[in-house]
Amino acid sequence: MPKTRPLNLVHMPAPSIAGSRRVRSADGAVVFTLVPTARGVAVERVLVHGGNVVSQVVAFADAESFHRWCDANPMRFENPSIHVEVTRDGDAIILRQGVQDRLAR
């Protein structure tokens, strides 16, 4: 059986792209990285569970689709403060990128 290294999660610095944000749960089990794109915001969600790491990357060109994704994410119920922070930061990035969309909240 191959030898495996233990997963060592360190607090990574925020991405070097201007305007990027990283939101991490207190236990480090979930990390969201939000990065401005030419059309809106890209979001990477990394979930660590039982030694497994799952990464999901999605891009949004409008606040409406970004909000639908945030509201469907289990963190909305598991860690509401993370949900609020990710939603708020994503909205700010979308607005800074000049995407014309209604923020129906």
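The values are calculated or read from the model by the stated rules, or taken from the named source; none is laboratory data. Keep in mind the model is a prediction, meaning the values are calculated, not measured. Here Cβ is always computed from backbone atoms with ideal geometry, including for glycine, and neighbour counts include all displayed protein chains.
Residue-wise test of (1) touching a strand residue (DSSP E or B) at 6+ places or on another chain (Cβ under 6 Å); (2) under 20 Å from Gly98 (Cα atoms).
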residue	(1), (2)
Ser25	no, no
Val57	yes, no
Ala61	no, yes
His67	no, yes
Met75	no, no
Val84	no, no
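Every residue in region 19-41 that is among the small types (Gly, Ala, Ser) and surrounded by fewer than 18 Cβ atoms within 10 Å (Cβ to Cβ), please.
Result: Gly19, Ser20, Ser25, Ala26, Gly28, Ala29, Ala38.
Does Arg39 qualify as being touching a residue at least 40 places away in the same chain (Cβ under 8 Å) and charged (D, E, K, R)?
yes
Residues in region 32-46: is at least one in contact with a strand residue (DSSP E or B) (Cβ under 9 Å, 6 or more places away or on another chain), part of a helix (DSSP H, G or I) and at pLDDT below 90?
Scanning region 32-46, I find no residue that is in contact with a strand residue (DSSP E or B) (Cβ under 9 Å, 6 or more places away or on another chain), part of a helix (DSSP H, G or I) and at pLDDT below 90, so the answer is no.
Filter region 73-90 down to residues that are free of Cβ contacts under 8 Å to residues at least 40 places away in the same chain and within 11 Å of Ser25 (Cβ to Cβ), then give me how many there are.
Residues meeting the conditions: 3.
Could you pull out the residue among Ser55, Ser65, Ser25 that is more than 12 Å from Ile93 (Cβ to Cβ) and more than 13 Å from the chain's Cα centre (by Cα)?
After applying the criteria, what remains is Ser65.
Inspect all residues belonging to region 49-69 and state whether any of them is at pLDDT below 85 and surrounded by 14 or more Cβ atoms within 10 Å (Cβ to Cβ).
no
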